[in-house]
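Asker: Below is the structure I would like to discuss, written out as structure tokens.
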Amino acid sequence: MGSWWRARTARRPVTARPVPPAILGTMNTTLASLARLLDRRGLLATTANISAEKGATPVTGVDCDSRVVVPAHVFVCKGTAFKPAYLASALEKGAVAYLCDEGRATELAAGAPNVPALVATNLRRAMALASAEAFGHPDHDLSVIGITGTKGKSTVSYMLRAVLDGGEPYARAGIMGSIETFDGVEREESHNTTPESPDLWRHLANARKAGLAYVDMEVSSQALKYDRVTGLDLTVACFLNIGRDHISPVEHPDFEDYFASKLRIFDQARVAVVNLDSDEIQTILSRARRCERVVTFSAKDRSADVWASDIQSAYGMVSFTAHTPGWEGPVCLGMPGLFNVDNALATIAICEVLGIGYERIAEPLSRARVPGRMELIPSPDTKVVALVDYAHNKLSYQRFFPSVKEEFPGYRIIAVFGAPGGKAYERRRELPQEAARYADYLIYTEEDPANDPVEEICRQMADATPQGVAHEVILDREEAIRRAVQLGYEGEGPALLCLLAKGDETRQHEGDEFVPCRTDGDIYQEAVRNWHAAHPKA
């Protein structure tokens, strides 16, 4: 999977279908109309150098990255890492004005004294609303499905895209999420779960230009809290679950803030799709009722609009009978994980809203795959099997480990994982404690340490390990996976190696940089080959 994915990660053009004239005709934003919009919303502090003549300058988009600026766009000057050179570069590429906050206005005006400027009282909200306006509100011409939750967003997004594309990849649906961004014009490895608002609206505009019918996107708590999706009209808002995560000085100060941020998704959607099995369900349903319609799903509760019966699992396969208001029938998933029944039901419930029936759902779901999610990689002799997954927080561990324990009876479970630096500090305590309930052996290693010492992260995890649980620390991730392979072959009976948190990622966050790294799957497969080469008679 790793080499296949890396071949697709560079941004590349995709042949686009022409924009209908009716859509082109709506793109009539000017500098003056943007200023009026921000003023009406109470977001305009002042303007500079916008005369009557310059106010008539057409604006066709907004950018916050000087590398992607094109003529007739407004450039946003934001962030602690911003440099005046970025604005100079944007102006050289044809930006017609800049948008900034009050704290930066004087400095920028001195460096670009004659350039039209919009100065905002709240830069993030202004950036989002200006982007939507400048790109011509493409969400009004698309079905946009937003998916949020502590766990499962990527899997539901890929399952849904498999259905929407109707068996022809990259045919009808755009996608934005933690793995990949595809909008009909650009295709690239994602940098954020939900892009910054100028990038978000550019991708939506590209999807409209390319003639795509749908965009399904993951919506993170950070995107909701910091206005990345402000102004976006969602056809469907899907709420999968809620657990304690992303609580740190640089994310959410507490669970209440995290949960409140997630709930904001219902304020901008027409239809809510809600998992009745989620914690805090009454609060979720209360907020969801702000939408015109609520559709529920459950793997346990038959009062839901969409529910499951006859759930069965075997090596690498999960099946169940789905029940909806319009049909019932068998569904088979080509990936392990009993919790994927929840993800499939979410997909089916969204399709119920979109008017997509069983005949278009069952077969695509059987073929749906998610890079780095529940990726089962056997060895030639089946003595050792790897399961690569992105599980990285308490809720995902609570779903992952009981499922694999049930689906792989008789297997020793060896888990390789770490915890990130600079955020979500509770994981260093919670993950060892959850994994220890099911795994036979734990190996702690690096996982995007950022500016925290890997040895300190792993020491904290080792200290949190329940007494009597076998574990060790191996700081280098490749060496940790090789050690897991060794333990798998040297022990009695078959072994399941759970390689967690990195999925199919090809970058490691070290210091302030994202440095290239090999995927867990590639490292595992090489380690298996090397083991067999060194033990030909084993």
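Asker: Viscosity 0.890 mPa s, temperature 25 °C: give me the Stokes-Einstein translational D for the stretch 262-388 in µm²/s, with Rh taken as the Kirkwood radius over C-alpha pairs.
Answerer: It comes out at roughly 156 µm²/s.
Asker: Using the basic label-point model (7 angstrom from Cα toward the beta carbon), what is the E490 to E92 distance in nanometres?
Answerer: 5.7
Asker: Considering only DSSP beta bridges whose two residues both sit in the chain, what percent are antiparallel, to the nearest 5?
Answerer: Among the beta bridges of the chain, antiparallel pairing accounts for roughly 35 percent.
Asker: Computed FRET efficiency, Cβ-Cβ of H532 and E472, R0 22 Å: what is it to the nearest 0.05?
Answerer: 0.40
Asker: Please compute the Kirkwood hydrodynamic radius of the stretch 357-414 from all pairs of different C-alpha atoms, in Å with one decimal.
Answerer: It works out to 13.5 Å.
Asker: Here is a further query. Using 5 Å bins from zero, what percent of all Cα-Cα pairs in the stretch 401-538 falls into each bin?
Answerer: The distribution over the stretch 401-538 is 2, 10, 20, 22, 21, 14, 8, 3, 1, 0, given as percents.
Asker: Roughly how many Å² is the accessible area per residue of the chain, as a whole number, for a 1.4 Å probe?
Answerer: On a per-residue basis, 39 Å².
Asker: Express the C-alpha Rg of the stretch 170-327 as a ratio against the empirical globular expectation 2.2 N^0.38 Å, rounded to two decimals.
Answerer: In units of the globular-protein estimate, the stretch 170-327 measures up at 1.14.
Asker: If you don't mind, there's one more thing I want to ask. Hey, if you put +1 on the Cβ of every Lys and Arg and -1 on every Asp and Glu Cβ in the chain, which of N49, S319, V219 ends up farthest toward the positive end of that dipole?
Answerer: Farthest towards the positive pole: N49.
Asker: Can you check what the Kirkwood hydrodynamic radius comes to for the stretch 480-534, Cα pairs only, in Å to one decimal?
Answerer: Averaging 1/r across every pair of different Cα atoms and inverting gives 12.5 Å.
Asker: Roughly speaking, to the nearest percent, how much of the chain's 1.4 Å accessible area is carbon and sulfur?
Answerer: Exposed carbon and sulfur together represent 50 percent of the surface.
Asker: To the nearest 0.05, how large is the calculated FRET efficiency for D233 and A85 if R₀ is 45 Å and r is the Cβ-Cβ distance?
Answerer: Rounded to the nearest 0.05, the efficiency is 0.80.
Asker: Can you spot the lysines whose alpha carbon is less than 20 Å from K78's alpha carbon? Ignore those fewer than 8 places along the same chain.
Answerer: K93, K225
Asker: Could you give the C-alpha radius of gyration of the stretch 154-248 expressed as a fraction of 2.2 N^0.38 Å, taking N as the number of residues it contains?
Answerer: 1.06
Asker: Are there GluC sites (Glu not before Pro) in the stretch 473-522 that DSSP marks as loop and that have at most 10 other Cβ atoms within 10 Å, and which are they?
Answerer: Within the stretch 473-522, the qualifying GluC sites (Glu not before Pro) (loop, at most 10 other Cβ atoms within 10 Å) are E492.
Asker: Counting only helical runs of four or more DSSP H residues, what would the 222 nm mean residue ellipticity of the chain come to if each run contributes -39,500 (n - 2.57) and the total is spread over all its residues?
Answerer: -10000 deg cm²/dmol
Asker: Another question, then. Are there GluC sites (Glu not before Pro) in the stretch 387-453 that DSSP puts in a loop and that have at most 13 other Cβ atoms within 10 Å, and which ones?
Answerer: Nothing satisfies the criteria.
Asker: Which of the lysines could be linked to K502 by a straight reach, that is with a Cα gap under 17 Å, when you skip same-chain ones fewer than 8 residues away?
Answerer: Here the lysines satisfying the reach criterion relative to K502 are K151, K153, K394, K423.
Asker: Follow-up. Can you work out the FRET efficiency for the pair N49 and N451, with r the C-beta to C-beta distance and R0 = 30 Å, to the nearest 0.05?
Answerer: Efficiency, rounded to the nearest 0.05: 0.15.
Asker: Keeping all protein chains in position, work out how much accessible area K83 exposes to a 1.4 Å probe, and write it in Å² to the nearest 10.
Answerer: Looks like 110 Å² after rounding.
Asker: Which part of the stretch 442-481 falls in the paramagnetic zone of R429, meaning amide N under 16 Å from the point 7 Å along Cα-to-beta-carbon?
Answerer: Answer for this model: 457-467.
Asker: Counting only the heavy atoms of the protein chains, how much of S303 is accessible to a 1.4 Å probe, in Å² to the nearest 10?
Answerer: We get 90 Å² for S303.
The values are calculated or read from the model by the stated rules, or taken from the named source; none is laboratory data. This one's a predicted model, so the numbers in the text were calculated from it and none came from an experiment. Note: ideal-geometry Cβ built from the backbone for every residue, glycine included; neighbour counts use all protein chains shown. In case anyone asks, the SASA skips ligands and DNA or RNA and just uses the protein heavy atoms, side chains included. Shrake-Rupley method; radii C 1.70, N 1.55, O 1.52, S 1.80 Å.
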